[in-house]
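The values are calculated or read from the model by the stated rules, or taken from the named source; none is laboratory data. Here the structure is a predicted model, which is why all the values come from computation and not from measurement. With ideal geometry, Cβ positions are generated from the backbone for all residues, glycine too; neighbour counts draw on all protein chains shown. Surface accessibility is based on the protein's heavy atoms, side chains included, excluding ligands, DNA and RNA. Shrake-Rupley method; radii C 1.70, N 1.55, O 1.52, S 1.80 Å.
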Amino acid sequence: MALVQEITTPTVKYEQPLGLFINNEFVKGVDGKTFETINPADEKPIVAVHEATEKDVDIAVKAARTALEGVWKETTPSNRGRLLTKLADLFERDIDILAAIESLDNGKPLSQAKGDVLNSAGCLRYYGGWADKIVGQTIDTDPNYLTYTRHEPVGVCGQIIPWNFPLLMWAWKIGPAVAAGNTVVLKTAEQTPLSGLYAAKLVKEAGFPPGVINILSGFGKVAGAAISHHMDIDKVAFTGSTLVGRSILQAAAKSNLKKVTLELGGKSPNIVFPDANIDNAISWVNFGIYFNHGQCCCAGSRILVHESIYDKFLERFKERTLANKVGNPFESDTFQGPQVSQLQFDRIMGYIEDGKKSGAKVLTGGARHGDKGYFIQPTIFTDVNENMKIVQEEIFGPVCTVQKFKDEEEAIRIANKTVYGLAAAVHTENINTAIRVSNALRAGTVWVNNYNMIHYQSPFGGYKESGLGRELGSYALENYTEVKTVRIYLGEALFG
Ligand code: ADP
């Protein structure tokens, strides 16, 4: 099978790389395997890409190790930064292509895909700025010693990313790793391999030395597991389901105790107090659950509304939900495209059926949208109780539940009643309520009077079963550096 193919999307025609990107070259897998990626809007195959197996992971890890100990070690921090900045520029130059690939392969609306490309470029440029600002300390312990710390790269980093933000997760992972002097073997999700491969082409164009960034397409149980079990990978960073996150941690424990960071699931509460600006709150609640078709680990899927505004809220929220246009990702007024795959579609529909059976009421939605493509109607459940599956488990689709609360204490109790702790939001015009409730919520991010507004300059990650460690901001660099203490003795020999 070829290593490149011309692809025509409704907005652009471009050359799609299909190979595994190792040592700055696109190559076939050792076993010669390939797999198809499907367009979720029409359920038809787009193209087949080469598949990495354990043997290819080995080759990529060797390439990354060689680069780490050779050319990358010799590259100055400011040149690392310059390369990341150049890569960010290339992302912006090719925004129309990258966005079209995301819409085609993932199903997200083109305007949202463009937002992802800009955020990816912003993230890469931000970490480009960090590359020459990673510093240790000198510590005055004793006049006879010079003691200092060095923040050194962890080494070869395995990175496993999901399909919901294919390009953005690529940038979140690669930016801090490379800025801190690590090398990378990144596996894209099997549902969405295309944008990561196109970005790999830009890696080469930006001038990164061979072996610093290696991109593999492949399956979780094969290439993903090979990464998490690998004896020569020093760290693994994973974004995906909590179930797989556990297996990554186990694999690290069973192999070489590689460092692990995990960004996992969520069941985030979005709390509306009676003094909230109701128009703004409804707009953010809508965006909180339906953005990216609910396929966000931080989706505001549990909406908690004060009893005094509950009826009014429901009426307005239903109206707002029905105004979201579901359809072709390439049409300019589309807000919600298809779910990414048949499997996801079936999972979500399964939760909807479960909700109906358990006695919850469907206020709107609750069914497939259209008859082709993995489209689901935006769905609101009311009359739920705290123990229902649809209230406790991550659905990862355009489905939310609305619950009533009577006072602040009850809102906090319900909000925190989850095994997850990725995000939460509070809508209120009262600053004291905002601060008190934000402090009481057990979540890695709390938004006040907004939702989903992640910024690459500020950390993101989960409490409880939502993960380990933080991505983004300066905090992400902590996961990509080992701290070494050096103590130099300046005095006479002590023991002899
Ligand atoms: P989802 O259920 O939403 O598809 P997953 O957690 O299964 O999310 O997938 C996220 C990423 O993890 C993908 O790149 C996938 O290939 C990978 N993955 C899945 N299973 C494993 C595994 N057992 N080991 C390592 N990676 C895996």
Scan segment 86-99 and tell me whether some residue there is over 24 Å from the mean Cα position of the chain (by Cα), more than 15 Å from SER217 (Cβ to Cβ) and surrounded by fewer than 23 Cβ atoms within 10 Å (Cβ to Cβ). no
For VAL326, indicate whether it is more than 20 Å from TRP447 (Cβ to Cβ) and either modelled with pLDDT of 95 or more or charged (D, E, K, R) (or both). yes
Assuming ASP311 fulfils every condition listed in (1) in a helix (DSSP H, G or I); (2) over 16 Å from GLY366 (Cα atoms); (3) touching a helix residue (DSSP H, G or I) at 6+ places or on another chain (Cβ under 9 Å) apart from one, which condition is it? (3)
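Condition check ((1) within 16 Å of the ligand (Cβ to nearest atom); (2) closer than 25 Å to ALA225 by Cα; (3) touching a residue at least 40 places away in the same chain (Cβ under 8 Å)) across all residues:
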site: ASP94; (1), (2), (3): no, no, yes
site: SER120; (1), (2), (3): no, no, yes
site: TYR126; (1), (2), (3): no, no, yes
site: ILE160; (1), (2), (3): yes, yes, yes
site: TRP170; (1), (2), (3): yes, yes, yes
site: GLY181; (1), (2), (3): no, yes, yes
site: VAL184; (1), (2), (3): yes, yes, yes
site: SER195; (1), (2), (3): yes, yes, yes
Can you tell me which residue in segment 259-280 is farthest from the ligand (Cβ to nearest atom), limited to those that are among the β-branched types (Val, Ile, Thr) and within 25 Å of GLU409 (Cα to Cα)? ILE278
Please find, within segment 376-400, the residue that is surrounded by the fewest Cβ atoms within 10 Å (Cβ to Cβ) out of those that are more than 16 Å from the ligand (Cβ to nearest atom) and in contact (Cβ under 8 Å) with a residue 60 or more places away in the chain. GLN392
Check on LEU118, buried (at least 18 other Cβ atoms within 10 Å of the Cβ) and on the phi < 0 side of the Ramachandran plot: no
Only one of PHE330, PHE317 that is aromatic (Phe, Trp, Tyr), outside any helix (DSSP H, G or I) and out of contact with any strand residue (DSSP E or B) (no Cβ under 6 Å at 6 or more places or on another chain): PHE330
Among the residues of segment 301-319, is there at least one that is crowded, with 22+ Cβ neighbours inside 10 Å and of a type in the set (Lys, Arg)? yes
Checked against (1) over 28 Å from the mean Cα position of the chain (by Cα); (2) within 16 Å of the ligand (Cβ to nearest atom); (3) aromatic (Phe, Trp, Tyr), PHE405 satisfies every condition except (2)
Step by step: first the residues of segment 341-375, then only those that are within 14 Å of the ligand (Cβ to nearest atom) and out of contact with any strand residue (DSSP E or B) (no Cβ under 9 Å at 6 or more places or on another chain), then the one that is most open to solvent (accessible area, probe 1.4 Å). Which residue is that? ARG347
Restricting to segment 259-283, count the residues that are surrounded by fewer than 24 Cβ atoms within 10 Å (Cβ to Cβ) and more than 30 Å from LYS235 (Cβ to Cβ). 9
Take GLY421 and tell me if it is of a type outside the set (Lys, Arg) and within 26 Å of the chain's Cα centre (by Cα). yes
Quick check on my filter: what residues within segment 218-258 are among the hydrophobic types (A, V, I, L, M, F, W, C), open to solvent by 30 Å² or more (accessible area, probe 1.4 Å), within 18 Å of GLY469 (Cβ to Cβ) and within 8 Å of the ligand (Cβ to nearest atom)? VAL244
Please verify whether segment 78-86 includes one or more residues that are touching a strand residue (DSSP E or B) at 6+ places or on another chain (Cβ under 9 Å) and farther than 23 Å from MET1 by Cα. no
